[in-house]
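The values are calculated or read from the model by the stated rules, or taken from the named source; none is laboratory data. Remember, predicted model here, so these are calculated numbers, not experimental data. Here the Cβ is made from the backbone with ideal geometry for all residues, glycine too, and neighbour counts use every protein chain on show. Keep in mind that these areas ignore ligands, DNA and RNA; they rest on the heavy atoms of the full protein, side chains included. Shrake-Rupley method; radii C 1.70, N 1.55, O 1.52, S 1.80 Å.
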Amino acid sequence: MSITARRKTVQGIQLCADPAREACFHIAQHDSEMAVFEDNMSEAARRERLHRHMNNEMGALEIAAQCLADFPDAPWDLRMQLARQASDESRHVAALYRRLRQLGGRKGEFPIGNFEWAVTNMCDTLAARLAIQNRTFEAGQMDLLGALRKIWRSLGDETTAEVLEHILADEINHVRFANRWIRTMVQEDRRLLLKVASAIRFLAETNATLLAGAGATTTDAAKKHADLGINVEDRRHADFSDDEINEILKQAGMSAFVSAEGPA
Ligand SMILES: [Fe+2]
Ligand SMILES: [Fe+2]
């Protein structure tokens, strides 16, 4: 059975079963199992951030590589982009693991979650996987990294800030090639639009159900995201149109930043 055909059920939702992890890792199925800290930039909280991010980058590597395995007939240029992405993501994992160890951390120190892998691999088209992983999760990560690098720097940790900046530069490219290829693929086959739209709805519904299980709502999550800010400049570099960026700002409750001339 193909690895993406294996299933797990979380709060009544069928998702792709977890990818393999070394025995030292505890895999969380609910947000409530993840480590939380009162001071979210304490020494332990910093290690947890790096540890969680390291696993997310591992997931990004696995998702890109799985796309290569599952869609062998995709255009060669797109396959090359996915292969380069997989290579970039492996560098991101290694850089974060190095930094984690420098700060006294270790693999398996905190629980990890594989939400991106579990949701993205439920999609049976490449366009939908790119829409979920690259255009949604990684674009969200660009927003997060845009804010986090400043936070680490303000705490005097220039090394981690630089690691995050290098990662951010690569993520812009991953989001950009996905945006371009989704447009091309949808133009060639309009039926893919429905596939992409259903995938985005599936992600939204899954998110809402899992958040509700943790006593939160999608509004709380959007607010948390909005507090960090939307990385408008890098989203532009990643080929989001002004209209798309305005829509994201509105969804994040940041309509004040939306102007007739385009996002600030
Ligand atoms: Fe990455
Ligand atoms: Fe990426």
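Does the range 200-215 contain at least one residue that is over 30 Å from Pro75 (Cβ atoms), hydrophobic (A, V, I, L, M, F, W, C), in contact with a helix residue (DSSP H, G or I) (Cβ under 8 Å, 6 or more places away or on another chain) and outside any helix (DSSP H, G or I)? Can you show your working first?
First, pick out the residues of the range 200-215 that are over 30 Å from Pro75 (Cβ atoms): 205, 207-215.
Next cut, hydrophobic (A, V, I, L, M, F, W, C) only: 208, 210-212, 214.
Narrowing the set further to residues that are in contact with a helix residue (DSSP H, G or I) (Cβ under 8 Å, 6 or more places away or on another chain) leaves 208, 210-211, 214.
So of that shortlist, the ones also outside any helix (DSSP H, G or I) come out as 214.
The answer is yes; a qualifying residue exists.
Would you confirm whether any residue within the range 229-241 is among the aliphatic types (A, V, I, L, M) and modelled with pLDDT under 85?
Restricting attention to the range 229-241, the residues satisfying the condition of being among the aliphatic types (A, V, I, L, M) are 230, 232, 238.
If we keep only those that are modelled with pLDDT under 85 as well, we get none.
The answer is no; no qualifying residue exists.
Return the only residue of Thr206, Thr120, Thr218 being among the β-branched types (Val, Ile, Thr) and open to solvent by 40 Å² or more (accessible area, probe 1.4 Å).
Values: Thr206 fails: open to solvent by 40 Å² or more (accessible area, probe 1.4 Å); Thr120 fails: open to solvent by 40 Å² or more (accessible area, probe 1.4 Å).
Just one listed residue meets the conditions, Thr218.
So if I check each of Ala94, Ala147, which one is within 15 Å of ligand 1 (Cβ to nearest atom), surrounded by fewer than 18 Cβ atoms within 10 Å (Cβ to Cβ) and among the hydrophobic types (A, V, I, L, M, F, W, C)? Full working, then the answer.
Numbers: Ala147 fails: within 15 Å of ligand 1 (Cβ to nearest atom).
Going through Ala94, Ala147 in turn, just one is within 15 Å of ligand 1 (Cβ to nearest atom), surrounded by fewer than 18 Cβ atoms within 10 Å (Cβ to Cβ) and among the hydrophobic types (A, V, I, L, M, F, W, C): Ala94.
Could you say which residue among Leu203, Leu100, Leu194, Leu155 is away from ligand 2 (no atom under 16 Å from the Cβ) and closer than 25 Å to Gln11 by Cα? Before the answer, list the steps.
Numbers: Leu100 fails: closer than 25 Å to Gln11 by Cα; Leu194 fails: closer than 25 Å to Gln11 by Cα; Leu155 fails: closer than 25 Å to Gln11 by Cα.
Only one candidate passes the filter, namely Leu203.
Restricted to the range 178-191, and to residues that are within 16 Å of ligand 2 (Cβ to nearest atom) and open to solvent by 10 Å² or more (accessible area, probe 1.4 Å), which residue is nearest to Ile132 (Cα to Cα)?
The qualifying residue nearest to Ile132 (Cα to Cα) is Ile182.
Residue by residue, here is whether (1) out of contact with any Gly (no Cβ under 7 Å at 6 or more places or on another chain); (2) surrounded by 13 or more Cβ atoms within 10 Å (Cβ to Cβ); (3) of a type in the set (Ser, Thr, Tyr); (4) assigned to a helix (DSSP H, G or I) holds:
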{"site": "Gln14", "(1), (2), (3), (4)": "yes, no, no, no"}
{"site": "Asp39", "(1), (2), (3), (4)": "yes, no, no, no"}
{"site": "Ala44", "(1), (2), (3), (4)": "yes, yes, no, yes"}
{"site": "Arg47", "(1), (2), (3), (4)": "no, yes, no, yes"}
{"site": "Glu57", "(1), (2), (3), (4)": "yes, yes, no, yes"}
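Could you list all residues from the range 153-168 that are open to solvent by 60 Å² or more (accessible area, probe 1.4 Å) and either of a type in the set (Gly, Ala, Ser) or on the phi > 0 side of the Ramachandran plot (or both)? Before the answer, list the steps.
Of the residues in the range 153-168, the ones open to solvent by 60 Å² or more (accessible area, probe 1.4 Å) are 153-156, 158-159, 162, 166.
Correct list: Ser154, Gly156.
With small (Gly, Ala, Ser), at pLDDT below 90 and more than 16 Å from ligand 1 (Cβ to nearest atom) as the only criterion, which of Ala199, Ala208, Ala214 stands out?
Values: Ala199 fails: at pLDDT below 90; Ala208 fails: at pLDDT below 90.
Result of the check over Ala199, Ala208, Ala214: Ala214.
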